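Colleague: Sharing a structure below in structure tokens format, with a few things to ask.
Every number in this text was worked out from the coordinates using simple rules, so none of it is lab data. The structure displayed is predicted, hence computed values, not measured ones. Don't worry about glycine lacking a Cβ; one is built from the backbone with ideal geometry, like all the others, and counts go over all protein chains shown.
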Amino acid sequence: MVYNPPLTGHVLLILDNGTTAMTGLQEHPGTGRTLVHEPTGKVDFEELARSLGVKNVHVVDPTKDETAFEKLVSDSLAAEELTLIVARRPCLLATAKIRAYEQAAASKK
């Protein structure tokens with residue numbers, strides 16, 4: 001969409017809850033942890049999009065201000081350019097485990 005932009009613009013929406021819930025709370029390249037929960041490189045979705053030429057990049061917690069989130073989506077859909085919205089909110093089921101992994105990693109440093 002950067003190379004061949006659509007005439008009406010498009011919105012890419014990444015729902016980032018910090019885990020891969022559909023497969024049992026597994027790690028993925030965006031978590032910064034391997035499948036055995038060791039620290040590793042992390043894919044930064046918003047920086048990756050910018051490096052590919054996406055100019056409109058937003059990172060939001062969609063539950064913090066639902067009205068603002070709805071307006072962002074509506075305005076982005078109405079715009080005539082490509083927009084990436086990363087809706088980031090930690091998974092409630094995985095939050096305690098993620099915190100424990102991060103504390104274990106920090107204690108090894």
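Colleague: May I ask you to order 56-62, 33-39 by the average number of other C-beta atoms within 10 Å around their residues, highest value first? Mind dumping the intermediate values first?
Modeller: Details: 56-62: 15.6, 33-39: 13.7.
Result, highest mean Cβ count within 10 Å first: 56-62, 33-39.
Colleague: Using the beta-carbon distance between residue 51 and residue 3 and R0 = 22 Å, what value does 1/(1 + (r/R0)^6) give for FRET efficiency, to the nearest 0.05?
Modeller: After rounding, the FRET efficiency stands at 0.95.
Colleague: Same structure again: Measure nothing fancy, just the Cα-based angle from helix 66-78's long axis to the longest principal axis of the chain, in degrees from 0 to 90, nearest 10.
Modeller: 50
Colleague: Also, quick follow-up: All other residues with a Cβ under 9 Å from the Cβ of residue 83 taken together, and with Lys, Arg as +1 and Asp, Glu as -1, what is their net charge?
Modeller: Net local charge, residue 83 excluded: -1.
Colleague: Modelled label-to-label distance, residue 63 and residue 42, 7 Å Cα→beta-carbon offset: nm?
Modeller: Here the answer is 2.0 nm between the modelled labels.
Colleague: Let me ask something else. Determine the dipole magnitude for the chain: charges of +1 sit on the beta-carbon of Lys and Arg, -1 on that of Asp and Glu, nothing else is charged, the reference point is the Cα centre, and the result goes in debye to the nearest 20.
Modeller: 520
Colleague: Report the GluC sites (Glu not before Pro) located in segment 1-102 that are in a DSSP loop and have at most 11 other Cβ atoms inside 10 Å of their Cβ, or state none.
Modeller: Those that pass, being in a loop and sparsely packed, are 80.
Colleague: Shifting gears a bit: Over segment 59-109, calculate the relative contact order: mean separation of alpha carbon pairs under 8 Å at least 6 apart, over the residue count, as a percent.
Modeller: 43
Colleague: Let me ask something additional. Over segment 1-96, what is the relative contact order in whole percent, taking alpha-carbon pairs under 8 Å and six or more residues apart?
Modeller: 42
Colleague: Note down the net charge around residue 59, summing +1 for each Lys or Arg and -1 for each Asp or Glu among other residues with Cβ under 12 Å from its Cβ.
Modeller: Every neighbour counted, the sum reads -1.
Colleague: Helix-derived [θ] at 222 nm for the chain: sum -39500 (n - 2.57) over DSSP H runs of at least 4, divide by residue count, nearest 500? Show your work: numbers first, answer last.
Modeller: On the way: 3 runs with 34 residues, N = 109.
Value at 222 nm, helices only: -9500 deg cm²/dmol.
Colleague: Round to the nearest 10 and give me the degree value, 0 to 90, for the angle of helix 95-108's Cα axis relative to the longest principal axis of the chain.
Modeller: 60
Colleague: OK, next. Return the whole-Å distance between the Cα centroid of segment 17-52 and the Cα centroid of segment 53-109.
Modeller: Taking the Cα centre of segment 53-109 as reference, the centre of segment 17-52 is 13 Å away.
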